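In what follows, a structure is listed as structure tokens, so that the remarks can point back to it.
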Amino acid sequence: MVDLQKLRVGAPARLIRRHRRLIAATCAALAVLLALGSVRSAGAPAAAVGAGPITALGQGELAIPVPLSPPAAAGLLHLGDVIDVIAISESGTAATVARDALVLGVPAGGGFMSAASAIVLIAVDELTALRIAGATGTGDLTFALHPTSTR
């Protein structure tokens with residue numbers, strides 16, 4: 001058995017307590033870098049266009065990251081796809097929270113059944129962005145893919 005009292009008062013515990021803010025800041029920075037690295041930029045290859053996903057936004061639109069469930073579903077999306085975002089509550093009810101959202105960024109790993117992150121960047125208006133943000137904390141988000149781009 002491990003003596004937990006020794007873990008609380010030993011040299012490693014003192015070192016961690018002494019540098020806890022530095023450790024927390026490092027973990028936060030690492031989380032941000034991992035999140036940014038998991039989304040591909042939108043548009044043509046970098047050689048053809050030097051702009052990122054923000055240039056694909058229409059008038060009055062915002063770019064918002066959406067965590068999709070199940071994670072493998074994000075691998076089905078491609079840049080430029082048009083989707084409806086659907087919120088599924090813990091009780092099992094579903095409601096559409098965004099219609100005709102343009103996909104600006106997809107997971108870097110791409111591909112069906114990829115182990116990459118399931119965060120997708122989409123373009124929506126401000127009110128829809130608020131609805132998505134609210135739905136993110138209350139249940140899972142999934143999507144319905146439009147058969148062709150109508151934008």
Filter result (under 28 Å from Gly58 (Cα atoms) and part of a strand (DSSP E or B)) within the stretch 68-93: Val82, Ile83, Asp84, Val85, Ile86, Ala87, Ile88
Residue match in the stretch 55-64 (condition: in a helix (DSSP H, G or I) and either at pLDDT below 80 or closer than 16 Å to Pro107 by Cβ (or both)): yes
Residue in the stretch 72-98 that is farthest from Thr128 (Cα to Cα), counting only those that are surrounded by 15 or more Cβ atoms within 10 Å (Cβ to Cβ) and of a type in the set (D, E, K, R): Asp81
Residue check for Ser69: loosely packed, with under 10 Cβ neighbours inside 10 Å and either assigned by TED's automatic domain parsing to the domain that holds Arg131 or modelled with pLDDT of 85 or more (or both): no
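The values are calculated or read from the model by the stated rules, or taken from the named source; none is laboratory data. Since the structure is predicted, the reported quantities are computational estimates derived from the model, not experimental observations. Quick reminder, even Gly has a Cβ in these numbers, built from the backbone with ideal geometry, and neighbours come from all protein chains shown.
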